[in-house]
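Participant: Let me begin by handing over the structure; questions about it come next.
Please treat every number below as a calculation from the coordinates, not as lab data. No experiment lies behind these values; they were computed from the predicted model shown. Glycine also receives a Cβ, built like all others from the backbone with ideal geometry; neighbour counts cover every protein chain displayed.
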Amino acid sequence: MPYRIEVENLNVYFGESHILKDINIKINTNMVTSLIGPSGCGKSTFIRTLNRMNDTIPTFKKDGTVLLDGKDIYDPNVDVVDLRKKVGMVFQKPNPFPKSIFDNVAYGLRIHGLNDNDVIANKVEESLKAAALWDEVEDKLEMSAMGLSGGQQQRLCIARTIAVEPEVILMDEPCSALDPISTTKIEDLIHKLKHDYTIIIVTHNMQQATRVSKYTAFFLHGEIVESGLTDKLFMEPKDKRTEDYITGRFG
Amino acid sequence: MTEKKEDKFIQWVLFATGISSILIIILIIAFIFSEGLPAIFSIGLFNFIFGMIWNPDIGLYGVFPMIIGTLLTTFLALLMAIPLSLCCSIFLAEIAPPNMRKLLKPTIQGLAGIPSVIYGFFGLVIIVPFIRIHFGGSGFSVISASLILTIMILPTIISISEDALRSIPFEYSEASLALGATQWQTIKNVIVPAAVPGIITAIILGMGRAIGETMAVIMVTGNVVQIPGSIFEPVRTLTSNIALEMGYATGLHYSALFSTGIILLTVIVILLLLANYVNYKTKVSIGGGYL
Amino acid sequence: MNRIISPKNSQKIMKTIFWGSGILTILILIFIIGYILVNGLPVINFNFIFGEPIDNGASGGIFPFIVSTFYVTFVALIVATPLGVGGAIYLAEYAGENKLVKAIRFGSEILASIPSIVFGLFGFAFFVVYLSFGFSVLSGGLTLALMAMPTILRTAEVSIESVPKSYSEGSMALGASKWQTIYQVILPAAIPGIITGIILGMARAIEETAAILYTVGAALQVPVSIFDPARPLPLHLYTLATEGISMPNAYGTAAVLVVIILIITIVTNALVDRYTKKMMGR
Ligand SMILES: Nc1ncnc2c1ncn2[C@@H]1O[C@H](COP(=O)(O)OP(=O)(O)O)[C@@H](O)[C@H]1O
Ligand SMILES: [Mg+2]
């Protein structure tokens with residue numbers, strides 16, 4: 001199976017500071033890949049490079065290539081809007097819009113030109129079901145999303161992302177602001193989604209990485225120290241630094 | 001011990017200065033009302049507000065044409081100022097590169113700092129002749145006043161709306177952009193709706209400024225007491241009426257001018273209460289239940 | 001899909017509109033100030049600034065009006081500064097969050113929004129007539145003081161509140177009384193902001209016209225006593241322009257007024273700039 005994402009010699013700078021150094025990694029299609037590493041090592045910066053969210057930061061500069069399905073996403077002819085439709089993102093803090101639950105999910109559909117209300121309603125239901133939230137919100141779709149619990153808000157954000165039918169879903173520590181029960185729900189959801197989506201999840205919870213992902217990459221000081229099958233990386237790390245990190249002898 | 005006494009004394013003095021703004025307000029209201037209420041009682045509130053004729057020579061004091069004058073100039077100004085200032089505040093908050101912002105910020109400050117009488121003078125020498133030449137009439141008109149007021153209320157609406165737009169968490173924009181929305185879609189569908197209460201407050205305060213403006217308006221409206229047939233005809237506003245006639249008014253006429261002041265005061269206090277209420281609503285609705 | 005304009009195109013169109021509105025705003029300011037200065041500066045010379053007016057200002061200079069402006073403004077600030085700064089200290093340091101504080105804030109908000117002509121009415125009824133100060137520098141100055149006070153109060157309050165809590169805690173821990181702490185630690189740190197507030201209040205007093213229309217009178221001589229009538233620049237400009245006395249002199253007076261306001265604005269900005277840089281440097 002071809003790789004969905006291939007990153008070659010990626011370097012990222014914010015102004016003067018060199019944040020990501022010579023990143024090379026291939027991401028398999030329709031599998032879950034975890035990114036682990038101490039905080040500040042560049043995990044968020046890396047996944048935000050994959051949907052070009054870093055473009056919103058004026059000081060951002062990069063070199064190297066990022067291929068999605070074999071095509072360079074930083075090619076001048078590529079439209080970020082189309083790219084971000086294909087590469088969805090779930091953020092660390094749940095960030096639903098201050099709108100109704102329904103409108104949150106319908107938002108992406110509408111901005112991409114869908115205006116048949118029946119179709120939208122169907123899609124919203126489908127997405128909420130896929131995000132395992134439907135049963136909880138079925139009868140209060142018009143309620144403000146701000147009234148949901150943190151875990152529900154995060155699943156709503158996932159539903160919102162799924163609704164626009166991306167190929168890839170980036171998740172930046174999606175559970176770090178959530179309680180254990182909500183975390184379990186999101187992890188179950190990831191298991192369900194991995195058959196249809198390529199998922200890249202940042203986590204600093206190593207158990208979570210072992211539970212949800214097939215592949216793992218270990219970041220340190222802006223470099224990928226080691227990457228490969230999750231089981232292998234945790235059982236028999238090749239690099240001393242990886243071993244130190246996963247055995248907790250580290251930052 | 002003496003130190004304690006000194007502290008107490010100072011605290012007392014500061015308290016006195018602190019409540020001075022309340023005392024001043026009360027004093028102002030008391031004086032305006034005590035001078036103005038007699039006229040309202042003698043003319044009758046209804047006749048005063050809805051009376052069509054203002055003619056001190058024959059003892060008729062109806063301010064309705066002036067109310068219309070104030071409303072017309074104000075709303076026409078808002079009609080022009082709202083789109084321009086909203087675009088400008090969105091530009092400042094979301095789009096302008098730093099250099100441009102460095103230029104635009106002092107510009108808005110500058111517009112806010114220009115004296116009313118300079119605006120009036122500018123209107124008199126530029127806008128009035130322009131209207132006269134291109135649209136006929138004397139040029140002293142509703143539209144001349146509205147154009148000047150538009151410029152004058154820009155800074156109020158722009159700066160308050162900009163604050164409102166800026167206070168919308170960046171997380172909302174990020175979420176929208178990550179779904180593949182364009183920047184404009186994000187502004188239109190996420191940022192502006194979330195900032196609506198602040199924007200409404202901005203508009204209300206801009207409206208207050210337009211209603212209260214005197215000198216700029218007096219110099220370009222022609223000050224004819226009438227309900228104008230078109231925006232190219234002259235009018236008189238409530239504020240101008242006071243400024244024009246205070247110099248020689250006595251008796252009931254004098255009191256009627258203070259009654260006009262009562263109307264202005266009341267309207268401004270209502271607008272302020274409204275603005276505060278809308279703003280208070282914002283705080284409740286944004287970020288409630290967040291995390 | 002059946003859209004008339006694609007999202008990408010509407011993005012482009014709207015971006016152009018936003019840029020346009022920003023540039024238009026800048027052009028409006030440049031046009032107004034430029035127009036006044038281009039027509040007014042040629043009129044200005046030594047005689048115009050330091051000369052006495054002749055024929056109601058049809059010719060001659062505007063010296064008495066410049067003096068009037070600063071005199072009236074000075075009186076206004078002498079009164080407004082202690083009230084505004086004192087009120088700000090009270091709000092920021094003594095009052096908690098209670099009904100009274102809310103009332104004070106709302107009071108100063110109303111004070112800041114009352115139409116200037118209403119201040120004029122009040123000034124006339126209270127200072128000129130009731131207190132029998134007559135049409136004078138004093139009546140005008142006091143009326144303007146009421147208008148400048150809320151500006152000073154708000155700016156000063158913000159700057160006092162932005163002094164880090166750790167400063168006052170440090171001082172209190174050394175056994176200083178509350179007032180000592182405020183006087184020796186908080187106020188020095190807040191002084192640039194307080195001065196900015198005073199300058200903004202000054203600008204408000206200098207530019208005001210409607211509020212002094214019926215309080216300062218209309219003298220053509222330099223006012224000496226505070227009970228003398230005066231005629232500040234905006235009032236003079238209004239008279240020149242509306243009574244058609246002299247257009248060139250009206251332009252000259254307008255230019256002087258604009259230059260004064262520009263200087264104030266630039267000085268305030270420089271002050272704020274230096275202040276923020278100093279704060280950042282720490
Ligand atoms: N907008 C930015 N401007 C400058 N530096 C940044 C910015 N965002 C992140 N950084 C820096 O980049 C480094 C990596 O940050 P990040 O990718 O957020 O790490 P992680 O997600 O692994 O915790 C950090 O040192 C951080 O300070
Ligand atoms: Mg991170």
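Participant: When a/c reaches 1.5 or more, the comparison of a/b and b/c decides; with that in mind, is chain B rounded, prolate or oblate per its Cα gyration tensor?
Facilitator: The shape class here is oblate.
Participant: Under 8 Å for C-alpha pairs, at least 6 residues apart: give me the relative contact order for the stretch A:1-159, rounded to a whole percent.
Facilitator: 21
Participant: Once every DSSP H run of n ≥ 4 in chain B is given -39500 (n - 2.57) and the sum is divided by its residues, what mean residue ellipticity at 222 nm do you get, rounded to the nearest 500 deg cm²/dmol?
Facilitator: For chain B, the value works out to -24000 deg cm²/dmol.
Participant: Starting from the Cα of residue B:132, step 7 Å toward the Cβ, then list every residue of the stretch B:206-230 with an amide N under 16 Å from that point.
Facilitator: B:219-224
Participant: At residue B:277 and residue C:98, where each label point lies 7 Å from the Cα along Cα→Cβ, what is the point-to-point distance in nanometres?
Facilitator: Placing both labels 7 Å along Cα→Cβ, they lie 2.8 nm apart.
Participant: Just add up the charged neighbours of residue A:238: K/R +1, D/E -1, any other residue whose Cβ is under 11 Å from the Cβ of residue A:238.
Facilitator: -1
Participant: Another question, then. Starting with the fewest neighbours, write out B:253, C:236, A:221 ranked by other beta-carbon atoms found within 10 Å of each beta-carbon.
Facilitator: The order, fewest Cβ neighbours first, is A:221, B:253, C:236.
Participant: Classify the stretch C:25-100 from the C-alpha gyration tensor, please: rounded if a/c falls under 1.5, else prolate or oblate depending on whether a/b exceeds b/c.
Facilitator: Judged from the Cα gyration tensor, the stretch C:25-100 comes out oblate (a/c at least 1.5, b/c at or above a/b).
Participant: For chain C, what does the helix formula give at 222 nm: sum of -39500 (n - 2.57) over DSSP H segments with n ≥ 4, over the residue count, nearest 500 deg cm²/dmol?
Facilitator: -23000 deg cm²/dmol
Participant: Can you give the FRET efficiency to the nearest 0.05 for residue B:53 and residue B:75, using r as the Cβ-Cβ distance and R₀ = 30 Å?
Facilitator: 0.80
Participant: Next question, about the same structure. For chain A, list the DSSP H helices whose alpha carbon atoms reach 18 Å or more along the long axis and whose average Kyte-Doolittle value is -0.5 or above?
Facilitator: Those that clear 18 Å and a mean of -0.5 are A:117-130, A:150-163, A:180-193.
Participant: Right, next: So if I place +1 on the C-beta of Lys and Arg and -1 on the C-beta of Asp and Glu, and nothing else carries charge, what would the dipole magnitude of the stretch C:46-280 be about its Cα centre? I want it in debye, nearest 20.
Facilitator: My answer is approximately 580 debye.
Participant: Sort B:53, C:199 so that the residue with the fewest other Cβ atoms within 10 Å of its own Cβ comes first and the one with the most comes last.
Facilitator: Listing B:53, C:199 from fewest to most nearby Cβ atoms yields B:53, C:199.
Participant: Here's a follow-up. Please name whichever of B:260, C:92, B:159 sits farthest to the positive end of the charge dipole of the protein assembly as shown, dipole taken about the Cα centre and charges placed at Cβ: Lys and Arg +1, Asp and Glu -1.
Facilitator: My answer, from the dipole projection, is C:92.
Participant: So which of A:62/A:99; A:140/C:15; B:4/C:165 end up more than 27 Å apart by C-alpha?
Facilitator: The pairs that break the limit, which is 27 Å between Cα atoms, are A:62/A:99; A:140/C:15.
Participant: Relative contact order (percent) for the stretch C:60-182, with alpha-carbon contacts under 8 angstrom and 6 or more residues of separation?
Facilitator: So the answer I get is 40 percent.
Participant: Return the distance in nm (one decimal) between the two label points of a simple spin-label model at residue B:270 and residue C:47, each offset 7 Å from Cα along Cα→Cβ.
Facilitator: 5.5
Participant: For chain C, with a Gaussian network of springs between Cα atoms less than 10 Å apart, report the residue from C:147, C:14, C:172 with the top mean-square fluctuation.
Facilitator: Highest fluctuation among the options: C:14.
Participant: What does the charge count around residue B:226 come to, taking other residues whose C-beta lies under 14 Å from its C-beta (Lys +1, Arg +1, Asp -1, Glu -1)?
Facilitator: Counting the neighbours of residue B:226, the net charge comes to 0.
Participant: Let me ask something else about it. Considering Cα pairs under 8 angstrom that are at least six residues apart, work out the relative contact order of chain C and quote it in whole percent.
Facilitator: It comes to 27 percent, rounded to a whole number.
Participant: Picking from B:62, B:276, B:122, whose Cα lies most toward the positive end of the charge dipole for chain B (charges on Cβ: Lys, Arg +1; Asp, Glu -1)?
Facilitator: Positive-end residue among those listed: B:276.
Participant: Now, a different point. If you take every residue apart from residue B:124 with its C-beta less than 15 Å away from the C-beta of residue B:124, what net charge results, scoring Lys and Arg +1 and Asp and Glu -1?
Facilitator: -1
Participant: Mind running the shape call on chain C? Use the C-alpha gyration tensor, a ≥ b ≥ c as the square roots of the eigenvalues: rounded below 1.5 for a/c, prolate if a/b tops b/c, oblate otherwise.
Facilitator: Oblate, because a/c is 1.5 or more while a/b does not exceed b/c.
Participant: Also, I was wondering about something else. At 7 Å along Cα-to-Cβ for each site, give me the label-to-label distance between residue A:26 and residue A:243 in nm.
Facilitator: Between residue A:26 and residue A:243, the simple spin-label model gives 2.8 nm.
Participant: While we're on this one: Which stretch or stretches of the stretch C:11-25 have amide N atoms under 18 Å from the point lying 7 Å from residue A:79's Cα along the Cα→Cβ direction?
Facilitator: C:11-16
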